[in-house]
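Everything on this sheet refers to the single structure shown next.
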Amino acid sequence: MGLSGLQIYKLLPRTNCKECGYPTCLAFAMKLAAKQAELSACPHVSEESKAALAAASAPPIRLVTVGSGDKKVEVGNETVLFRHEKTFYHQPGLFVRLKDTLPLVEFEAAVEQIRDYSVERVGIPLWVDGIAIENASGDEANFATHVAAARAKTEQSLVLIASAPGSMAAALEKTDESAPLVYAATVDNWKEMAELAAKHKAPLAIRVDDDLAALAELTGQVKDAGVEDIVLDPGIRDLHGSLVTLTQLRRLALKSNFRSLGYPIVTFPGEGVDSVEEETIQAAQHIAKYAGIIILDHFSPATIYPLLALRQNIYTDPQKPIQVSPGLYEISNPKPDSPLLVTTNFSLTYFSVAGEIEGSGRPTWLLIVDAEGMSVLTAWAAGKFDAEKIAKSVQQFSVTDKISHQKIVIPGLVSTILGELEEELPGWDIRVGPREAMDIPAYLKTWN
Amino acid sequence: MPVTVEIPKEKWTGKVREVTLGATADEGGTRQRKVTVGGEGTLPFLDFEGDIPNPPAVAFEVQDRYPEDWSALLKEVWGDVLHDPGAWAKKAAECGADIIALKLQSAHPEGDNTDAAHAAATVKAVLSATGLPLIVYGPGQAEKDNEVLVAVAEAAKGERLALGNCEDKNYRTIVAAALAHDHLVIAKTPIDVNLAKQLNILINDMRLDLDRILMDPTTGALGYGLEYVYSVMERLRLAALTGDSMTQQPMICTVGEEAWRTKESKVNEGVPAAWGNWANRSINWEVITASTLLESGADIIVLRHPESAKLVKKTIANLVAH
């Protein structure tokens, strides 16, 4: 929890020496509380005060990095229970588990398939974050071979799953110090696992089933052993239990400032369910509430794609919906006599409409109105996509300089503004288009 | 040193109202089963700090005309019953429906434009084909909604139908019909906490009891605005639990309609290979939209595909069981 300006003031020298650049220590303290200044600007602050301020400013849920380089996954550092309170910052990493009992050729093919998967939504490419490799064979050398093969095939982040420290040690040697997640330290093996994680500067998962107090205790021990980057597995595998437990963990971290449980959480939605569909439902729950690393047992585009779409939805900043810039867009090189359509600047609206126009093959002008990133109906209801706004955009973007006709097609959902728009744009032929973007190609065929 | 963990618990001061759909013979209706939703005194499925007396219910959408525009996947799975709303409702009941959500699509003025008498007859037929409670939607055009729903309310007097949709520009006639003939209403608003609250107030001002109002905050499908309705529902439920009386209505989400009109579900031509198998993808689309909204406070989920309904029912069972 952040300290108030007055609490910070008490930790400062209170000499008003001005060397930090502020007139008084109190003014500096206020800037620190607002995170507009750095403590290092004060040359006289005591070591004890520095430590106290650092501890107080540490995030309630630690930011943990799994992997290295461009494909690393950062999770944790969340500050709210509900996305509408601010936003969720670090979307959970999605991993697919492969076992080292898979013949190496098949294993490598599976790694490649996961590595190469990519799907685009609203102009943003989405993908799976990495591979979790499980030492199901129990054999050290075999595990190391599979981990080395995965490392050679992909730069994505890895999770190493083994209970025997010997296997973990052998596999970690094959990861080029790329900070894979070590899964997992338990009450039985935590000393060896903590030592390995520290040696390889890798994050460490800690698993204690169904007992948050014991989990917190073990977390404290691992931390004392020198491992800071910790991920929790509370060992709950059912849909009800995981919702309850992950909510409790998030509340403990944020509301009770419970430091030894203030870490991201790893989940296994495929354990303890009867089908891939149920795994997907549980993974979806973990995306919204409140996992940091999700390890799936199945990889199929028909389940990964909806999960990636959900993750994108939930982790969109509610204050900043994904928007496109307002303006007159040219699709498929339109000519002055090509059709003119108008819609809002909500990215999803834009990409749905632009995608359908492109698909239709008909060169078309698309006027994008600044509706503050809202979809057609929402923007209309909020008064951000009305006749006046549309008419203003027609002027602002000099539509008449580029288009020889005066015909404009409005979305079918806002057919009610037809009359008002006729008044705002005298002499124009206002036409009501389809309600759904997917009906645009058929509509454009008949436009003349 | 042993660590103690004290779980932070919220002390909620309010709870969601219980609303019962359907009336049995001794209550003036003909339903064999009633369905009560709402009553939660805690956030969705967090039963460690409050009661959840009723699990969410699953409704199946049924239309009174062959749904020409539906995905081929849906037409295939339902088959011939799509031509007969009574048979369709019966099959939906066999597939595990708790409620039938009948949409009087044929009354649409730009479609078949069937009249009020036709609507009343259709509702009578569906009522005799199933013993489940009914939701009845007009075609979605204000004047025609009023015309057919008034006739339906009268013809099914005492059945405790849920009549929809009431919207801010068109609710008086439907509310009056519900008042006169012992039905409920569905109050639909466009993804906004204050508008939802305001419409509940306006309807309640006409003297319809609050235990006869369901609210529909407007559903956005996965990938098509889901996050908006997700957060609005979380905010509505938090408001209800902190004692804001006019937000304490159970919530209904028309998931099937929204999920099945996405491009992902509707078509399989010219879509990226990364979208995966069409049938699996479509069902996942409907189910994940449903499960995500259940976890943000939905009390009734209206679905289209029987396989989705099976999965959603199992999800509900898993979320309340422990």
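The values are calculated or read from the model by the stated rules, or taken from the named source; none is laboratory data. No experiment lies behind these values; they were computed from the predicted model shown. Cβ sites come from the backbone with ideal geometry, for glycine too, and all protein chains shown count toward neighbours.
What the table shows:
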read-out	value
Qualifying residue in the stretch B:59-81 (condition: part of a loop (DSSP other than H, G, I, E, B) and in contact with a strand residue (DSSP E or B) (Cβ under 6 Å, 6 or more places away or on another chain))	no
Enumeration of residues in the stretch B:90-120 that are in a helix (DSSP H, G or I) and in contact (Cβ under 8 Å) with a residue 12 or more places away in the chain	B:Lys90, B:Lys91, B:Ala92, B:Ala93, B:Gln105, B:Ser106, B:Ala107, B:Ala116, B:Ala117, B:His118, B:Ala119, B:Ala120
Residue in the stretch A:95-111 that is touching a Lys or Arg at 6+ places or on another chain (Cβ under 9 Å), within 14 Å of chain B (Cβ to nearest Cβ) and outside any loop (DSSP other than H, G, I, E, B) present	no
Qualifying strands (runs of 3 or more DSSP E) (wholly inside the stretch A:340-426; at least 1 residues being at pLDDT 95 or above, crowded, with 20+ Cβ neighbours inside 10 Å and in contact with a helix residue (DSSP H, G or I) (Cβ under 6 Å, 6 or more places away or on another chain))	A:340-344, A:364-369
Every residue from the stretch B:289-319 that is hydrophobic (A, V, I, L, M, F, W, C) and more than 7 Å from chain A (Cβ to nearest Cβ)	B:Ala290, B:Leu293, B:Leu294, B:Ala298, B:Ile300, B:Ile301, B:Val302, B:Leu303, B:Ala309, B:Val312, B:Ile316, B:Ala317
From B:Val287, B:Val320, B:Val267, residue being hydrophobic (A, V, I, L, M, F, W, C) and buried (at least 24 other Cβ atoms within 10 Å of the Cβ)	B:Val287
Qualifying position, being closer than 20 Å to B:Thr42 by Cα and within 10 Å of chain A (Cβ to nearest Cβ), among B:Glu227, B:Glu264, B:Glu234	B:Glu234
Subset tally (residues that are touching a residue at least 40 places away in the same chain (Cβ under 8 Å) and touching a Leu at 6+ places or on another chain (Cβ under 8 Å)) for the stretch A:412-448	2
Any hit, the stretch A:428-437, residues being in a helix (DSSP H, G or I), under 19 Å from A:Ala354 (Cβ atoms) and at pLDDT below 95	yes
Qualifying residue in the stretch A:101-111 (condition: modelled with pLDDT of 95 or more, among the acidic types (Asp, Glu) and either touching a strand residue (DSSP E or B) at 6+ places or on another chain (Cβ under 8 Å) or on the phi < 0 side of the Ramachandran plot (or both))	yes
Any hit, the stretch A:79-93, residues being away from chain B (no Cβ under 13 Å), surrounded by fewer than 16 Cβ atoms within 10 Å (Cβ to Cβ), outside any strand (DSSP E or B) and on the phi < 0 side of the Ramachandran plot	yes
Boolean, B:Glu286 is facing chain A (nearest Cβ under 7 Å) and either assigned to a helix (DSSP H, G or I) or without any contact (Cβ under 8 Å) to a residue 40 or more places away in the chain (or both)	no
B:Ala196, sole failed condition from (1) part of a helix (DSSP H, G or I); (2) small (Gly, Ala, Ser); (3) modelled with pLDDT under 95	(3)
Residue that is in a helix (DSSP H, G or I), more than 29 Å from the chain's Cα centre (by Cα) and under 23 Å from A:Lys72 (Cα atoms), where the choices are A:Glu217, A:Glu195	A:Glu195
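Residues checked against (1) among the basic types (Lys, Arg); (2) within 26 Å of B:Trp275 (Cα to Cα):
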site	(1), (2)
A:Arg115	yes, yes
A:Ile133	no, yes
A:Phe143	no, no
A:Ala148	no, no
A:Leu158	no, yes
A:Ala164	no, no
